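A quick write-up on the structure given underneath.
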Amino acid sequence: MTLRQTLEQAIEDLKKEVAKMADFALYNLREGLNAFKTTNFELARQVMKADDEVDRFEEEIAKMALKIIWKEQPVASDLRLVTGILKLITDLERIGDHASDIAEMTLHLEDNRNQRVLPLTSKMAEIVEEMVLKSIQALVRVDESLAETIIQTDDSVDQLFQDVISYVTAELKKETIDPNEAIYVLMVAKYFERVGDHAVNIAEWIIFIAKGKHKNTMLF
Amino acid sequence: MTAQNPIVFQIENLNLFYGEKQALKEISIAIYEKEVTALIGPSGCGKSTFLRVLNRMNDLIDSCHITGNVTYHDQDIYQPKTDVNGLRKSVGMVFQKPNPFPMSIQDNLIYGPKCQGIRDRFLLKQIVEQSLKQAALWDEVKDRLKESALALSGGQQQRLCIARTIAMKPEVILMDEPTSALDPVATAKIEDLISSLKQDYTIIIVTHNMQQAARISDKTAFFLMGELIEYGDANQLFSTPENKKTEEYITGRFG
Ligand SMILES: Nc1ncnc2c1ncn2[C@@H]1O[C@H](COP(=O)(O)OP(=O)(O)OP(=O)(O)O)[C@@H](O)[C@H]1O
Ligand SMILES: [Mg+2]
């Protein structure tokens, strides 16, 4: 039995919309990398354009959350969920931006060489995409232990990023890599490293939603 | 973290019965000085009963008896030698429905002090002015002190009742749903008043309005079927309640 069907429905709708936004941002991230890997200008432009959609999601979700706040005056877990979502959509929006940034890097490439992306960068991308995917799952289930694992994964992303830098530096010294390509590969790696950071931020907001604690500080 | 205020009431293992029926079960709670403590919970959970324990208003109900300890400043108030009138003077009460006496505004205020033997007219005049000012009613009634209290609006009547309680110079003010009969503006005035009275008084308030409890209380106690389910800082209770039943009640999932 529940006495607040309107509130429960509004919260369900809100969660669904955030999950959609996250799916969309993750899809763009994958397609952005694909565009870069295959030097597909058409796909790159599509991904860049799709970023507007992520921004619209952010606005729509913010409106839904604010409406719940003024109409339903949520407390306790409802309040934490709604305010946590208001915070974490900023990180989702940034992930969308970086998907677009990665796609944009494609436009600076000239020809259609294979093996454009170093295996190390691909490995990074794989881990980061997994982090984003888990953050969506953790949010939908308000699963703080899953959120914790995302935070723990971030160190390996940072390590991989360092490895990419060392590798590219070494290749540049040996002149076995085109400097132009090196720059954009590094930037793509950097964007993935940032996306990893945003997945961590999302995980931290999920822990707040679960416990009211953000980075070990009680926010209430 | 701020230091904890001194304890005014310390209640330990309180059980209260109306005849055979147990209305309060093993309640242990401390009430702190110059704080607003809100009591929330569904109808019939024992909030008013608990409030009446604190100034022995339950004595007026024949079938009522209690076990456990209720101390007010370390004095057991249920021991036989307790000065119950003195207790009720220190621990005043404001009710749900404004209940001014059918007399003038100023007579409402000096009735209690007069009963206590205060005769000095200057002093009585001072009590009238001070208590009305503290109850944020002075400006509205200062030119009509001799008019009937019954001519005041509901919100004004309730503030008069608070002034009447203040006129007795209490330390604690108990309020049982003091705004449930008032419109939003009158309610807001009483809420502001409660927040300012906190500087001088310890206030314990029963309310069915969750937002009101969240707005005005420092500590909140959630009662359910005679039991104290959760008690703590209002900000903690309304954001991260520990007990699932508290969570369900304050989020409106059951009632
Ligand atoms: N004088 C009385 N004699 C017998 N039973 C009583 C008496 N007063 C209250 N009760 C019972 O004790 C229980 C607690 O009542 P109380 O009035 O304290 O609840 P409450 O939480 O204040 O409810 P409400 O929110 O409706 O005011 C109820 O079951 C009620 O029926
Ligand atoms: Mg009651």
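The values are calculated or read from the model by the stated rules, or taken from the named source; none is laboratory data. Bear in mind the structure is a predicted one, so any value in this text is a computation, not a measurement. Quick reminder, even Gly has a Cβ in these numbers, built from the backbone with ideal geometry, and neighbours come from all protein chains shown. Side chains included, ligands, DNA and RNA excluded: accessible areas come from the protein's heavy atoms. Shrake-Rupley method; radii C 1.70, N 1.55, O 1.52, S 1.80 Å.
For B:SER48, state whether it is assigned to a loop (DSSP other than H, G, I, E, B), among the small types (Gly, Ala, Ser) and either within 20 Å of B:MET175 (Cβ to Cβ) or within 16 Å of ligand 1 (Cβ to nearest atom) (or both). No: the conditions fail for B:SER48. B:LYS169: basic (Lys, Arg) and farther than 30 Å from B:HIS73 by Cα, yes or no? Against the criterion (basic (Lys, Arg) and farther than 30 Å from B:HIS73 by Cα), B:LYS169 does not qualify.
With respect to A:LEU86, is the statement that it is free of Cβ contacts under 8 Å to residues at least 60 places away in the same chain and not in a helix (DSSP H, G or I) true? No: the conditions fail for A:LEU86. The set of residues in region B:30-45 being within 14 Å of ligand 1 (Cβ to nearest atom) and on the phi > 0 side of the Ramachandran plot consists of B:GLY41, B:GLY44.
Among the helices (runs of 4 or more DSSP H) confined to region B:139-255, the ones with at least 2 residues that are over 30 Å from A:GLY212 (Cβ atoms) and away from chain A (no Cβ under 14 Å) are located at B:154-166, B:184-197. Applying the condition of being exposed (fewer than 15 other Cβ atoms within 10 Å of the Cβ) and of a type in the set (Val, Ile, Thr) to region B:54-69 and asking which residue is farthest from ligand 1 (Cβ to nearest atom) yields B:THR67. For region B:165-186, residues that are open to solvent by 40 Å² or more (accessible area, probe 1.4 Å), away from ligand 2 (no atom under 16 Å from the Cβ) and either polar (S, T, N, Q) or touching a helix residue (DSSP H, G or I) at 6+ places or on another chain (Cβ under 8 Å) (or both) total 5. Looking across region B:37-53 at every residue that is within 14 Å of chain A (Cβ to nearest Cβ) and open to solvent by less than 10 Å² (accessible area, probe 1.4 Å), the one that is nearest to ligand 2 (Cβ to nearest atom) is identified as B:ILE40. Of all residues in region B:165-187, those that are within 16 Å of B:GLN116 (Cα to Cα) have Cβ atoms under 8 Å from Cβ atoms of residues that are within 16 Å of ligand 1 (Cβ to nearest atom), 6 or more apart or on another chain, in B:THR165/B:MET93; B:THR165/B:VAL94.
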